[in-house]
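First the structure, in the form of structure tokens, and then the observations on it.
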Amino acid sequence: MDCEKCKERPASVHLTKIINNEKTSINLCEKCAGTYHNFSPLGVNLSIHKLLTSFLNQTEGGQVLGFRRPEKECPQCGLTLSQFSHFGKLGCSECYPTFNEDIRPLLRKIHGSNCHQGKVPERTGQPFRVKRDIGKLKSDLQSLILREEFEKAAIVRDEIKELEKKLNLS
């Protein structure tokens with residue numbers, strides 16, 4: 001299939017636009033796709049500001065909330081929730097507990113979790129890694145029990161016991 005714009009090179013990019021429930025498709029070569037309405041390889045040209053604002057202005061059901069309630073303000077630096085929404089940055093360490101309820105769903109949407117688990121040094125991190133693995137397995141065990149997958153839960157329980165023995169020996 002040839003590019004629909006230049007009609008010279010083979011099409012390697014398929015773009016589909018849906019605007020007002022009207023679907024439009026076009027097949028382009030890489031060169032034409034690069035110049036086609038600011039097309040980027042990632043598929044979207046969003047700034048972090050627009051991304052954060054869109055997440056903050058939505059509920060779980062996707063309905064727009066808007067900020068009609070009284071504006072929260074950090075007692076230490078004076079940053080408001082709308083300023084955080086605009087700039088995408090918190091002002092100080094006190095902002096985290098102040099805006100906790102508002103940023104927790106945002107972090108979960110962006111990162112898949114609201115708990116950061118960073119790298120652990122190879123030499124000194126073995127006990128920490130084992131504790132982290134035990135915590136993850138316990139969480140998995142609870143979800144398996146809730147889904148009534150008792151055979152898998154028994155296997156996970158045994159893994160937890162082995163890791164706890166390993167932790168007590170070190």
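The values are calculated or read from the model by the stated rules, or taken from the named source; none is laboratory data. Since the model is a prediction, treat every value here as computed from it, not as a measurement. Here the Cβ positions follow ideal geometry from the backbone for every residue, glycine too, while neighbour counts run over all protein chains shown.
So, in segment 21-35, how many residues would count as being in a helix (DSSP H, G or I) and surrounded by fewer than 17 Cβ atoms within 10 Å (Cβ to Cβ)? Counting residues in segment 21-35 that are in a helix (DSSP H, G or I) and surrounded by fewer than 17 Cβ atoms within 10 Å (Cβ to Cβ) gives 4.
One line per residue, one yes/no per condition, for (1) within 23 Å of residue 72 (Cβ to Cβ); (2) modelled with pLDDT under 90; (3) not in a helix (DSSP H, G or I):
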{"site": "90", "(1), (2), (3)": "yes, yes, yes"}
{"site": "106", "(1), (2), (3)": "yes, yes, no"}
{"site": "129", "(1), (2), (3)": "no, yes, no"}
{"site": "144", "(1), (2), (3)": "no, no, no"}
